[in-house]
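Some notes on the structure that comes next.
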Amino acid sequence: MTLEHGATGFRTLFISDVHLGARGCQADRLLDFLRYHDADTVYLVGDIVDGWQLKSGWYWPQYHNDVVQKLLRKARKGARIYYLPGNHDEFLRDYFGFHVGGIEIVDLLIHEAADGRRYLVVHGDVFDMVVKHAKWLALLGDTAYDFAILVNRYFNAIRRRLGFRYWSLSQWAKHKVKNAVNYIGAFEQTLAAEAQRHKVDGVICGHIHHAVIHDDFGIRYMNCGDWVESCTALVEHMDGRFEIITWADNDGAARLPPHDDLPFDEDTEIAA
């Protein structure tokens with residue numbers, strides 16, 4: 001890996017739920033994040049491109065193109081990049097095994113960390129019963145989610161004028177609405193069970209836009225978050241420690257303490 005000038009180097013970088021092609025995508029912040037963070041290996045953990053939104057109306061500003069070009073540049077400079085399609089970019093599932101500009105499209109992978117622990121890497125939508133069995137309901141929920149993002153954008157424009165930091169309405173709702181909290185818990189437990197089935201030490205996923213690292217189900221569960229609301233990424237340090245970085249404000253990053261000496265049942269999370 002050749003580090004860009006001023007960039008911090010990591011062993012592995014995990015990014016999910018960028019939703020390029022959607023108006024809610026914060027591609028400018030992701031581009032800024034990618035300028036300051038490099039890694040030997042990059043996992044694009046699904047929903048990088050929002051095919052659902054592009055079908056309903058083309059939206060592809062320069063920042064979205066710049067993100068693609070930045071990732072291709074990292075591949076040319078020696079980073080290994082794997083793309084694991086999600087439900088919003090499921091059209092890419094017809095191309096497993098293909099390489100595009102040095103980026104390999106794969107279904108799922110087992111990632112071996114520097115400390116020898118092994119993690120299942122998967123977007124996670126195939127374990128979401130709503131997406132799997134009632135896609136019409138998922139599409140309806142996606143429309144409602146887009147509306148919440150639009151409201152959130154105007155709300156935060158007012159907050160900025162008043163000197164307040166970014167605050168996510170939909171993230172707040174997820175924590176407050178009982179059904180949403182139950183849905184998140186059920187999703188996490190299902191992914192943890194899948195990791196146990198694969199006889200690995202943990203799972204790394206995306207899909208539900210909820211960045212977190214915890215061991216609540218007897219196995220390490222790590223979710224990358226998203227680049228629509230919380231602007232978070234999961235990173236692995238050279239010694240195998242994992243950390244969530246949020247890049248939601250232009251004045252720099254807020255970071256979770258790296259998971260090193262924490263007991264295996266410790267629970268930490270990011271909420272924008």
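What follows draws every value from the coordinates through simple rules; no lab data is involved. This is a predicted model, so every value here is computed, not measured. Glycine also receives a Cβ, built like all others from the backbone with ideal geometry; neighbour counts cover every protein chain displayed.
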Worksheet item: When you count, for each residue, the other Cβ atoms within 10 Å and take the mean per peptide, how do 192-200, 10-18, 96-104 rank with the highest first?
Response: 10-18, 192-200, 96-104
Worksheet item: Between S16 and residues 5 or more places away or on another chain, which pairs have amide H atoms under 5 Å apart, with H built 1.01 Å from N, and which residues are they?
Response: V45
Item to complete: Note down the relative contact order for the range 188-236 as a percent, whole number, built from C-alpha pairs under 8 angstrom at least six residues apart.
Response: 31 percent
Discussion item. Taking 25 Å as R0, compute the FRET efficiency from the Cβ-Cβ separation of N65 and F91 and round it to 0.05.
Written reply: 0.85
Worksheet entry | Placed amide H near V42: partners under 5 Å, 5+ positions off or other chain | L13, R80, I81, Y82
